[in-house]
1. Quick one: which residue in Gly12, Gly23 is touching a residue at least 24 places away in the same chain (Cβ under 8 Å) and either more than 19 Å from the chain's Cα centre (by Cα) or crowded, with 17+ Cβ neighbours inside 10 Å (or both)?
2. Being among the β-branched types (Val, Ile, Thr) and either over 16 Å from Gly171 (Cβ atoms) or part of a helix (DSSP H, G or I) (or both) is the filter here; which residues of segment 208-232 pass it?
3. Take segment 39-67 and flag every residue that is open to solvent by less than 30 Å² (accessible area, probe 1.4 Å) and farther than 21 Å from Ser130 by Cα.
4. Among Arg70, Arg36, Arg99, which is open to solvent by 40 Å² or more (accessible area, probe 1.4 Å), closer than 28 Å to Asn125 by Cα and in contact with a Ser or Thr (Cβ under 8 Å, 6 or more places away or on another chain)?
5. Could you grab me the full set of residues in segment 102-138 that are within 21 Å of Lys156 (Cβ to Cβ) and open to solvent by 10 Å² or more (accessible area, probe 1.4 Å)?
6. Kindly establish whether Asn17 is closer than 18 Å to His95 by Cα and either of a type in the set (D, E, K, R) or without any contact (Cβ under 8 Å) to a residue 24 or more places away in the chain (or both).
7. If you go through segment 191-207 one residue at a time, do you hit one that is open to solvent by 80 Å² or more (accessible area, probe 1.4 Å) and in a strand (DSSP E or B)?
8. The conditions are (1) modelled with pLDDT of 95 or more; (2) small (Gly, Ala, Ser); (3) more than 19 Å from Thr114 (Cα to Cα), and Gly34 fails exactly one of them. Which is it?
Amino acid sequence: MWISKKSTIKSGVLIENNVMIFGPSIIGEKSYLGSRVIIGYPCRRKLKKAIESKNIKLLDELSDGARIGRNVVMRPLTVVYEGVVIGNNVETGHHVLIRENTVIGSNTIVGTGTIIDGRVRIGSNVRIESGVYIPPLTVIEDEVFLGPRAVITNDKYPISKRLVGVTIRKGAVIGANATLIAGIEIGEYAVVGAGSVVTKDVPPNTVVVGVPAKPITSREEYERKKKAYEEGRLEV
């Protein structure tokens with residue numbers, strides 16, 4: 001276990017074995033850090049400096065730390081880099097990676113095996129299912145749902161020198177295994193069907209499916225069918 005002398009651990013925090021907390025990290029009240037959780041891990045440039053100097057203590061000295069809110073649950077093997085800010089009541093699954101300079105709002109869930117690859121903005125009340133990939137420059141607004149194994153991209157011509165982020169507006173739903181191509185915007189309360197590849201902007205309140213994804217109906221109709229499904233009524 002390594003807990004930096006520069007860190008601040010608020011009251012009621014539960015810390016399991018083999019946790020590492022680097023730099024001036026702040027852990028909010030009544031949070032939980034599972035076994036082998038790492039908080040405030042230094043970025044690549046600082047890691048290389050520590051390796052070159054053969055001084056592992058530099059990891060702590062160089063880290064800018066991370067800020068973790070109240071009542072946060074970080075399950076075992078979650079890794080949070082420096083510069084990350086996480087709101088209250090956030091939960092992570094196992095084996096979650098959150099790279100540097102990411103901001104996550106309150107009441108958000110980040111599923112097992114998800115990779116948030118740095119410089120990402122995620123709102124509040126977002127639900128990210130297992131195995132999602134979120135690259136730098138992505139913006140995800142409040143109340144968004146990302147299904148299992150959804151993939152967001154930020155490079156239209158890999159490997160290019162120009163990265164452009166995807167924006168997912170409030171209340172949108174992204175189905176399992178969907179792929180969002182760099183630079184697009186998913187409008188408020190839009191729905192992307194499972195397995196779709198989205199190459200163009202999706203208007204608000206629109207449901208798209210397919211490869212490439214195309215509009216098929218409205219969010220209003222989607223909600224009507226969802227209610228019928230939940231109630232066990234047959235669809236015509």
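The values are calculated or read from the model by the stated rules, or taken from the named source; none is laboratory data. In this text the structure is predicted, and so the values were computed from the model without any measurement. For neighbour counting, all protein chains shown are included, and Cβ atoms are generated from backbone atoms with ideal geometry for every residue, glycine included. Surface areas here come from the heavy atoms of the whole protein model, side chains and all, with no ligands, DNA or RNA. Shrake-Rupley method; radii C 1.70, N 1.55, O 1.52, S 1.80 Å.
1. Working: Gly12 fails: touching a residue at least 24 places away in the same chain (Cβ under 8 Å).
Of Gly12, Gly23, the one residue that is touching a residue at least 24 places away in the same chain (Cβ under 8 Å) and either more than 19 Å from the chain's Cα centre (by Cα) or crowded, with 17+ Cβ neighbours inside 10 Å (or both) is Gly23.
2. Applying the first criterion (among the β-branched types (Val, Ile, Thr)) to segment 208-232 yields 208-209, 211, 216-217.
Result: Val209, Val211, Ile216, Thr217.
3. So in segment 39-67, the residues open to solvent by less than 30 Å² (accessible area, probe 1.4 Å) come out as 39-40, 42-43, 46, 50, 58-60, 63, 65-66.
Scanning segment 39-67 gives Gly40, Pro42, Cys43, Lys46, Ala50, Leu58, Leu59, Asp60, Ser63, Gly65, Ala66.
4. Numbers: Arg36 fails: in contact with a Ser or Thr (Cβ under 8 Å, 6 or more places away or on another chain); Arg99 fails: in contact with a Ser or Thr (Cβ under 8 Å, 6 or more places away or on another chain).
Just a single option satisfies the conditions, and that option is Arg70.
5. Ile115, Asp117, Arg119, Arg121, Tyr133, Pro136, Leu137
6. Considered against the rule, which asks whether it is closer than 18 Å to His95 by Cα and either of a type in the set (D, E, K, R) or without any contact (Cβ under 8 Å) to a residue 24 or more places away in the chain (or both), Asn17 comes out as yes.
7. Within segment 191-207, not a single residue is open to solvent by 80 Å² or more (accessible area, probe 1.4 Å) and in a strand (DSSP E or B).
8. (3)
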